[in-house]
Amino acid sequence: MIDTILITGATLPGGSQSDILVAGGVIRELGSIAAPAGSRRIDAAGLVALPGLVDLHTHLREPGFEQSETVLTGSQAAAAGGFTSIFAMANTLPVADTAGVVEQVLSLGQQAGYATVRPIGAVTRGLLGEQLSEIGAMAHSRAAVRVFSDDGKCVHDSLLMRRALEYVSSFDGVIAQHAQDPRLTEAAQMNEGSLSSELGLKGWPAVAEESIIARDVLLAEHVGARLHICHLSTAGSVEVIRWAKARGIRVTAEATPHHLLLTEDLVRSYDARYKVNPPLRRDEDVLALRAAIADGTIDIIATDHAPHPSESKECEWDSAAFGMVGLESALSVVQTALVDTNLVGWNDVARLLSATPAAIGGLIGAGAIRAGAAADITLHDPSTSSVFDVTDLAGKSVNSPYLGRQLSGSVRYTLHNGYLTLDDGLVVPAEVVAASARAGSQMEMGE
Ligand SMILES: NC(=O)N[C@@H](CC(=O)O)C(=O)O
Ligand SMILES: [Zn+2]
Ligand SMILES: [Zn+2]
């Protein structure tokens, strides 16, 4: 196992060039560095070095839906996409609503070793929206849960939402809301508008998202708690968040890569790869989300990686599952939608996909390339342009909306705690990564 890695000639997010020396799991030094004896050298000329990406919104599907994804395969998808930390959503079977389940997911993540896996706890028992889950027990468990969400479902009951906000504010936790009024979206299949009428599909109106966000920012203000809004998809949602932030309300918001690039027109194909919650919206919405990223109204980009087996996608639109995989393609989509269009620079990408999601999720020490920090580093080649292909997917499911689409850039190397999880574009084998992870944790324990 190579313990010392010298990355040479990388471009840091701010634009300057530097070598980066990694040893013993941490970044030792930045600058112009001579190669230590026995070190591995990675030539990063032309590559952008980003702090390891952090995804606040990943569905890993284990326990319960292992035919779609497992903690191991989802972590491999993360490594392929340049992610070194992922927050695992609670809509598993059993639901992650007890200390036992979140500790299980934490352990599976540690064994796999590809990324820091931080479980998200359910807000309500069984995601049923009736009683609060064991929030305190999950927060004080070995998994130290800080983010709670019923994602997939909206916490619709106002009193439960209020109680949940009150509860998590006692330990600076955060509720991540999937904003979808259930009554306004019964049997909904796509964005509501002229296209849904034309296609004869039941509509999912923007107001179903916006009204929940409006209610919840007011509840967060009333309680003085922190609130996070998942996958913003409409121009109106941006306006509500902008208003709330101007008022000093402690709200953060995320957008997914797909809502920054794709529009509802794709639904014309009736290809269920484009079926997602919230649905793909109009051009105006995509432009409003991009502008909100550029002006800071939207704080982070999160993938909402939602793997589904082929049988749930290769079927009629109405019966297909909602969701798309997104870890492997996220950085290329962000480059295509935001960097190539000059809306943001790599410094902003580092903030949107690493530093701020780490801060929201309470991940200490992540989000920066600096001496002394854990060596979580992503090396990205922005100069490429290629057709996204099924071989670019490293997880178990292939429900990507980007297959066959031209995207910019590609992730070349991912380092997690100082060892490679992606090496020259190839996911490092599971046994090698697991052994590196074990060696690292023994070192931490001083053995
Ligand atoms: N985004 C989706 O369309 N689906 C997600 C649930 C969710 O994020 O709401 C899933 O778990 O499949
Ligand atoms: Zn959701
Ligand atoms: Zn989700």
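Which order do C154, C315 fall in if you start with the one that has the fewest other Cβ atoms within 10 Å? Please report the intermediate quantities before stating the final value.
On the way: C154 21, C315 12.
Placing the least packed residue first, the sequence is C315, C154.
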Requested in this report: Could you order peptides 300-308, 47-55, 363-371, 103-111 by the average number of other Cβ atoms within 10 Å of their residues, highest first?
Outcome: 300-308, 47-55, 103-111, 363-371
Report task. Give, as a single signed number, the net charge of other residues whose beta carbon lies under 10 Å from the beta carbon of L227, with Lys and Arg counted +1 and Asp and Glu -1. Result -> 0
Requested in this report: Could you grab the Rg to Rh ratio for segment 72-173? Cα atoms only, Kirkwood for Rh.
Outcome: 0.99
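Let me know the whole percent of all Cα-Cα pairs from segment 29-90 that are separated by more than 19 Å.
49
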Report summary line: The Cα extents of segment 176-247 along the principal axes, largest first and rounded to whole Å, are 43, 20, 15
Query raised in the report: Short version: ³J(HN,Hα) in whole Hz for each residue of segment 35-42, in order, from phi by Karplus 6.51 cos²θ - 1.76 cosθ + 1.60 (θ = phi - 60°), x for Gly and Pro, what are they?
Result: 5, x, 4, x, 8, 8, 10, 10
**Report entry** Relative contact order, percent, segment 52-361 [alpha-carbon distance under 8 Å, six or more residues apart]
**Finding:** 17
Query raised in the report: If you look at just the Cα atoms of the chain, how large are its Rg and its Dmax in Å?
Result: 20.8, 67
Query - Low-density loop positions, GluC sites (Glu not before Pro), segment 128-226 - DSSP coil, at most 12 other Cβ in 10 Å - result: E130, E186
Query raised in the report: What is the set of long-range amide H partners of G409 at a cut-off below 5 Å, with H atoms built 1.01 Å from backbone N?
Result: T384, S385, S386
Query raised in the report: Which net charge results when you count Lys and Arg as +1 and Asp and Glu as -1 among the other residues whose beta-carbon is under 11 Å from that of E314?
Result: -1
Query raised in the report: Taking the Cα centre of the chain as origin and charging only Cβ (+1 Lys, Arg; -1 Asp, Glu), how large is the dipole, in debye to the nearest 20?
Result: 780
Query raised in the report: What base-10 log of the normalised intensity I(q)/I(0) is obtained for segment 332-447 from the Debye formula, alpha carbons as equal point scatterers, at q = 0.17 Å⁻¹?
Result: -1.06
Report summary line: Inter-part gap, Cα centre of segment 167-199 to Cα centre of segment 88-142, in whole angstrom, is 22
Query raised in the report: Quick one: net charge of A139's neighbours, Cβ under 12 Å, K/R +1, D/E -1?
Result: 0
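Here, each number is a calculation from the coordinates, and none is a lab measurement. As the structure is a computational prediction, the values presented were derived from the model and not from experiment. Cβ: placed from backbone, ideal geometry, glycine included. Neighbour counts: every protein chain shown.
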